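The next block holds one structure in the form of structure tokens; read it before the comments.
The values are calculated or read from the model by the stated rules, or taken from the named source; none is laboratory data. Values in this document were obtained by computation on a predicted structure and should not be read as measured data. Glycine gets a Cβ as well: all are built from the backbone with ideal geometry, and neighbour counts include every protein chain shown. To get the accessible areas, we keep the full protein, side chains included, count just its heavy atoms, and leave off ligands, DNA and RNA. Shrake-Rupley method; radii C 1.70, N 1.55, O 1.52, S 1.80 Å.
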Amino acid sequence: MHVAAIREGIVIDHIPPKKLFKVAALLHLEDATSPVTIGNNLESSYLGKKGIIKVADASFSDELLNRIAIVAPNVHLNVIKDYEVVEKKQVEQPDKVVGIIRCTNEKCITNNEDMPTCFHYHKEEEEEYFACHYCGRKIKADKIELL
Ligand SMILES: [Zn+2]
């Protein structure tokens, strides 16, 4: 599949295919008014298959980078100007995530008071999860719900 070049905007590349729609959701692409290109299960030399998202006339805010890091920490982020990659950004899995993940414990204070959620990232052997700072609820990394 040919993915059209964009003149200005951002490209999120090397997204694991199973995470593509999660990344699309946290970018709020449903509200985008500029051209958006989404491709999935494209051939990739080192991932096997990959997904890619291109958004014209958009930029990476720190909050957006943090959100992407939670869902897909190893993606490639490119900033495009005049059809050229002018900047590459990297995201890192943050140890602490404030105000992005919803706590699945209905009794948690963050679901009952007007306050931001706070989660700590943990990795034990191959299991990745986020633990709520307030109630201790552990949520597997692939099961998180974003606010
Ligand atoms: Zn909680």
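Points to keep in mind about this one:
- Members of Lys54/Lys123; Lys49/Lys123; Lys50/Lys96; Lys19/Lys54; Lys96/Lys138 lying beyond 23 Å, as alpha-carbon distances in this model show: Lys54/Lys123; Lys49/Lys123; Lys50/Lys96
- Only protein heavy atoms count here; under a 1.4 Å probe, Tyr83 has an accessible surface of about 140 Å².
- Legend: calculated FRET efficiency, His14 to Glu125, from the Cβ-Cβ distance at R0 = 25 Å, rounded to 0.05, equals 0.55.
- Cα point-scatterer Debye curve for the stretch 1-87, base-10 log of I(q)/I(0) at q = 0.16, 0.17, 0.18 Å⁻¹: -0.57, -0.65, -0.74
- Positive contributions from Lys and Arg (+1) and negative ones from Asp and Glu (-1), summed over other residues with Cβ under 15 Å from the Cβ of Lys50, come out at +3.
- Nearest-0.05 FRET efficiency for Met115 and Lys89, computed from C-beta distance (R0 30 Å): 0.50
- Taking His120, His28 and ordering them by how much accessible surface each has at a 1.4 Å probe, largest first, produces His28, His120.
- q = 0.13, 0.28, 0.33 Å⁻¹, the stretch 85-130: log10 I(q)/I(0) [Debye, one scatterer per Cα]: -0.43, -1.04, -1.19
- Accessible surface of the chain, 1.4 Å probe: 47 percent of it comes from carbon and sulfur atoms.
- Segment Lys138-Val98, length gained on full extension (0.36 nm per residue, minus Cα span): 12.9 nm
- P(r) histogram, all alpha-carbon pairs of the chain included - 5 Å bins from 0, percent: 2, 9, 18, 19, 19, 13, 9, 7, 3, 1, 0
- Note: relative contact order over the stretch 3-144, using C-alpha pairs below 8 Å and six or more positions apart, is 22 percent.
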